[in-house]
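See structure below.
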Amino acid sequence: MTFIKMCGLRDEATVDLAVELGVDAVGFVFADSPRRVSAEEATRLRSRVPDGTLAVGVYVKMALDEIVATARAAGLDHVQVHDLRSADDVRVLHEAGLTVIRAVNKSGAASVSEDLGADLLLVDGAVAGAGVTWDWQDRSAVPDGRWILAGGLTPDNVARAVATSGAWGVDVSSGIESGRGIKSPELMTAFAHAVRGA
């Protein structure tokens, strides 16, 4: 069954709906974004996520010590980092007890094959968080093994994206929004159903 992560959740209602829909992970954005939440807000939302559903902090252009401090403050065990530079970065996060999702942009195809020791790889479009698709048939842009597809996914294209790319999981944010940073319950539901084949 395809792994589903819904990212950029900012309120109790959308977290509750994501859990009800049976998604595998929810993402809380700490990077500069319309979807950004504070550690305090993330802590409150994290309390609504049951065991068995991953709560993931999402980070861009933040120092490692800040990532660790924010994750600990919010009670998060998983971090998704978009600008990891080396295996040393990953090791620092692992030593802090964190599971690491390394996010890379499809435009940096060479970095996809570079193993920094992260627990999971997420391949996004050319610009992280921009909601832009990329050529899912481009096998040079995808790793071996389990990986997560992101970038421009919607209820209308996600089933085709998974079938074409061979991705183990999918990550969506803008594709389930009625406006930038505003999640749509209808689109969230339609997306989950499209992935699960309902």
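Values quoted throughout were computed directly from the atomic coordinates according to the rules given, and no laboratory measurement underlies them. Bear in mind the structure is a predicted one, so any value in this text is a computation, not a measurement. Here the Cβ is made from the backbone with ideal geometry for all residues, glycine too, and neighbour counts use every protein chain on show.
Side notes on the structure shown:
- Difference of contour (0.36 nm per residue) and Cα-Cα distance, THR2 to ASP156: 53.8 nm
- Taking the range 19-43 and a reference point 7 angstrom along Cα→Cβ of ASP83, the backbone N atoms nearer than 18 Å belong to 29-37.
- The chain, relative contact order in percent, only Cα pairs under 8 angstrom and at least six apart counted: 18
- Overall Cα dimensions of the range 3-196, principal axis frame, Å, largest first: 39, 39, 28
- Residues ASP135 and GLU186, FRET efficiency given R0 of 25 Å [Cβ-Cβ distance, rounded to 0.05]: 0.30
- Scattering curve values for the range 1-79, log₁₀ I(q)/I(0), Debye with Cα scatterers, q = 0.11, 0.19, 0.20, 0.23 Å⁻¹: -0.24, -0.72, -0.79, -1.03
- In nm, spacing of pseudo-spin labels at ASP51 and HIS94 (7 Å Cα→C-beta vector): 2.6
- Couplings 3J(HN,Hα) of the range 146-154, computed from phi: 6, 7, 10, 8, 9, x, x, 6, 9 Hz, in residue order, whole Hz [Karplus 6.51 cos²θ - 1.76 cosθ + 1.60, θ = phi - 60°; x for Gly and Pro].
- Phi angles across the range 79-88 convert, under the Karplus curve 6.51 cos²θ - 1.76 cosθ + 1.60 with θ = phi - 60°, into 3J(HN,Hα) values of 10, 10, 10, 8, 9, 5, 9, 7, 5, 4 Hz, Gly and Pro given as x.
- The phi-based Karplus calculation (6.51 cos²θ - 1.76 cosθ + 1.60; θ = phi - 60°) puts the 3J(HN,Hα) values of the range 68-78 at 4, 5, 5, 4, 5, 4, 8, x, 9, 9, 10 Hz, whole numbers, x for Gly and Pro.
- Furthest towards positive pole of dipole, PRO50, ALA163, VAL23, structure part the range 3-196, Cβ charges: ALA163
- Highest mean packing comes first when the peptides 33-39, 171-177 are listed by Cβ atoms within 10 Å, giving 171-177, 33-39.
- Neighbour net charge for GLY181 - beta-carbon separation under 14 angstrom, K R +1, D E -1: +1
- For the range 3-196, the residue among ALA96, GLY75, ALA192 whose Cα projects farthest onto the positive side of the dipole built from Cβ charges is ALA192.
- Dipole moment magnitude, nearest 20 debye, the range 3-196 about Cα centre, only Lys, Arg, Asp, Glu C-beta charged: 260
- Extension gain (nm, one decimal) between VAL60 and ASP24, 0.36 nm per residue minus Cα-Cα: 10.8 nm
- Near VAL19, once Lys and Arg are set to +1 and Asp and Glu to -1 for all other residues with Cβ below 14 Å from its Cβ, the sum equals -2.
- Note on the chain: antiparallel DSSP beta bridges, both residues inside, total approximately 5 percent of the bridges counted.
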